[in-house]
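Some notes on the structure that comes next.
A short reminder: the numbers here are calculations on the coordinates, not readings from a lab. All values reported here derive from a predicted model rather than from experimental measurement. Note that we place each Cβ from the backbone using ideal geometry, even for glycine, and neighbour counts take in every protein chain shown.
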């Protein structure tokens, strides 16, 4: 529902990042892990900057990744994957199940959705539902 100007608006402090940069980051993560082989390199993200500024390109990128996710079978989800990541002190390789890598992606996505929700609020863009709210966070009682 966002237009290109809203997607790329970097006017909200304190970090002045845009919704598009967070969406691109999320999609690039999934692009890295949706490999057919037994190795995923999280340090080799594409960083497609046009996704940050063009809602049509972002939507196409998303739809392509959703298609890959929908075509997965149980064998694919349960396979062992060697993951390369940089945890701050250089690249390391860690053995994961692919399903645990998907869980990491989900948690990472929720984190960025919360930031996007903050930006949406700052831009005074209202969306329905509870976007950006971690479903495991305890809810405050309403009196």
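Of note:
- Folded to 0 to 90 degrees: helix 98-122 orientation relative to the chain principal axis, Cα: 10
- Counting all C-alpha pairs of the chain, share separated by more than 21 Å (%): 51
- By DSSP, the beta bridges lying fully in the chain are antiparallel in about 70 percent of cases.
- Between 0 and 90°, nearest 10: helix 19-33 axis offset from the chain longest Cα axis: 10
- Note on the chain: with a GNM built from Cα contacts shorter than 10 Å, the maximum mean-square fluctuation among 109, 53, 43 falls on 43.
- Tilt relative to the chain, helix 55-70 - C-alpha long axis, 0 to 90 degrees, to 10: 40
- Proxy reagent accessibility, fewest Cβ within 10 Å first, across 100, 21: 100, 21
- Net lengthening on full extension, residue 15/residue 68 (0.36 nm per residue, minus Cα-Cα): 15.8 nm
- Using the rule -39500 (n - 2.57) for each DSSP H run of four or more residues, divided by the residues of the chain, the 222 nm mean residue ellipticity is -14500 deg cm²/dmol.
- Relative contact order (%) - the chain, alpha-carbon pairs under 8 angstrom, separation at least six: 22
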